[in-house]
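Here the structure comes first, spelled out in structure tokens, and everything after it is commentary.
The values are calculated or read from the model by the stated rules, or taken from the named source; none is laboratory data. This structure is a prediction, so every number in the text was calculated from the model and none was measured. All Cβ positions, even for glycine, are placed from backbone atoms using ideal geometry, and neighbour counts span all protein chains on display.
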Amino acid sequence: MNADNFNKNRQQTGLSLIELMIAMTVGLIITAGVLQVFVSTLVGSRELLSQARLENDLNSMLHWMSNDIRRAGYWGAEGFEADWGNGDRNPFTENVDNVVGIPGISIGETVSSAASGLTDSCALYSYNLDGNKGDVEAIVDGASDDARIGYCASCGFATAPFNDAAIYDYDNMEMFGYRLQNGEVQMRTGPVNGESAFTCDTGSWAALSDIDVINVTGLSFDLVSGAVNTITASDGTDLFVETMQVEIQLTAELSNDSSVRKTLTTSVKLGNSLIRE
């Protein structure tokens with residue numbers, strides 16, 4: 001065998017079985033490492049997206065509730081109506097039996113929430129929604145009905161106290177609320193015909209959150225009192241004007257993954273002071 005044939009045979013021998021197995025093992029190790037990094041990145045991205053979605057939903061609900069609750073007690077230009085205590089009394093904030101049957105804002109809970117230990121999970125409040133004067137006249141000494149609390153535009157005549165035409169009218173509904181019920185944040189959409197109470201368990205309510213997406217496990221409202229000033233009404237009665245703030249805490253988890261959980265809080269300063277005798 002000459003040198004040329006020897007070199008040709010050596011070039012055609014290829015890899016041995018051991019070399020091939022070592023190469024495959026190294027390749028599998030590298031591939032497994034790359035796959036592990038890919039899976040970890042994918043799982044981490046999924047968790048971040050889930051947390052972002054949950055936080056976005058909670059922020060949206062808090063923003064919605066805060067903007068509306070901030071209006072509690074708003075009376076507007078109707079405060080100048082002489083038929084309402086010469087302009088000294090606001091029916092949307094004063095909670096005096098002989099003046100009005102509901103407060104500007106109150107905190108409570110439904111019966112079922114109370115049984116579950118979820119206290120202060122409901123807020124009820126009222127404000128002037130009509131926004132214009134003189135839409136219906138001549139019910140109370142010529143004052144516009146906008147100075148009274150709207151019960152419901154489409155409901156039948158209510159029972160006491162809502163059948164008192166000196167306080168309530170049948171225009172836009174002006175008694176609002178938010179509550180936690182069965183894992184949902186719900187908002188009050190109106191009364192039920194014939195109801196005689198404005199509570200967390202009465203009225204019709206609609207879901208603000210989607211139970212198929214998030215499960216709300218906690219909602220709490222805390223009414224914080226601020227400075228109190230005393231003024232004298234035109235009839236000589238002392239009135240206490242109190243600034244108010246509502247602290248809202250909301251906790252929820254994803255319905256399909258309870259490990260993704262978030263709690264957010266916010267503070268809402270009411271734009272209208274609470275008036276008491």
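List of remarks:
- Members of the stretch 206-223 found to be assigned to a loop (DSSP other than H, G, I, E, B), over 11 Å from the mean Cα position of the chain (by Cα) and of a type outside the set (Asp, Glu), listed by number: 211, 213
- Within the stretch 165-174, if we keep just the residues that are among the charged types (D, E, K, R) and at pLDDT 75 or above, the residue that is nearest to residue 67 (Cα to Cα) turns out to be 174.
- Residue in the stretch 228-262 that is nearest to residue 183 (Cα to Cα), counting only those that are assigned to a loop (DSSP other than H, G, I, E, B) and in contact with a strand residue (DSSP E or B) (Cβ under 9 Å, 6 or more places away or on another chain): 255
- Count of the stretch 14-28 residues which are surrounded by 10 or more Cβ atoms within 10 Å (Cβ to Cβ) and in a helix (DSSP H, G or I): 10
Quick grid of which residues meet (1) at pLDDT below 85; (2) among the hydrophobic types (A, V, I, L, M, F, W, C); (3) assigned to a strand (DSSP E or B); (4) in contact with an Asp or Glu (Cβ under 9 Å, 6 or more places away or on another chain):
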{"position": "102", "(1), (2), (3), (4)": "yes, yes, no, no"}
{"position": "107", "(1), (2), (3), (4)": "no, yes, yes, yes"}
{"position": "120", "(1), (2), (3), (4)": "no, no, no, yes"}
{"position": "132", "(1), (2), (3), (4)": "yes, no, no, yes"}
{"position": "146", "(1), (2), (3), (4)": "yes, no, no, yes"}
{"position": "157", "(1), (2), (3), (4)": "yes, yes, no, no"}
{"position": "163", "(1), (2), (3), (4)": "yes, no, no, no"}
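- Which numbered condition residue 164 misses (of (1) more than 17 Å from residue 124 (Cβ to Cβ); (2) in contact with a strand residue (DSSP E or B) (Cβ under 9 Å, 6 or more places away or on another chain); (3) not aromatic (Phe, Trp, Tyr)): (2)
- Of the residues examined, residue 265 is one that is polar (S, T, N, Q), modelled with pLDDT of 95 or more and touching a strand residue (DSSP E or B) at 6+ places or on another chain (Cβ under 8 Å).
- Residue match in the stretch 74-83 (condition: at pLDDT below 90, more than 18 Å from the chain's Cα centre (by Cα) and under 21 Å from residue 201 (Cβ atoms)): no
- Among the residues here, residue 232 does not qualify as at pLDDT 85 or above and more than 29 Å from residue 56 (Cα to Cα).
- Hits in the stretch 173-205 (condition: among the aromatic types (Phe, Trp, Tyr) and over 18 Å from the mean Cα position of the chain (by Cα)): 198
- Against the list (1) under 15 Å from residue 93 (Cβ atoms); (2) modelled with pLDDT under 90, the condition residue 246 fails is (2).
- Contact map, the stretch 196-209: residues that are farther than 19 Å from residue 120 by Cβ paired with residues that are assigned to a loop (DSSP other than H, G, I, E, B) and at pLDDT below 90, Cβ distance under 8 Å, separation 6+ or inter-chain. Pairs shown: 196/158; 196/159; 196/160; 196/161; 196/162; 204/191; 204/192.
Results for (1) closer than 25 Å to residue 63 by Cα; (2) at pLDDT below 90; (3) surrounded by fewer than 16 Cβ atoms within 10 Å (Cβ to Cβ), shown as yes or no for each residue.
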residue	(1), (2), (3)
176	yes, no, no
183	yes, no, yes
190	yes, yes, no
197	no, yes, yes
205	yes, no, no
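- The requirement of being of a type in the set (Gly, Ala, Ser), surrounded by fewer than 18 Cβ atoms within 10 Å (Cβ to Cβ), touching a Phe, Trp or Tyr at 6+ places or on another chain (Cβ under 8 Å) and part of a loop (DSSP other than H, G, I, E, B) is satisfied by residue 271.
- Beta carbons closer than 8 Å, at least 6 apart along the sequence or on distinct chains, pair a first residue in the stretch 110-126 that is within 28 Å of residue 149 (Cα to Cα) and crowded, with 19+ Cβ neighbours inside 10 Å with a second that is modelled with pLDDT under 90 and of a type in the set (Phe, Trp, Tyr) for 124/198; 126/92.
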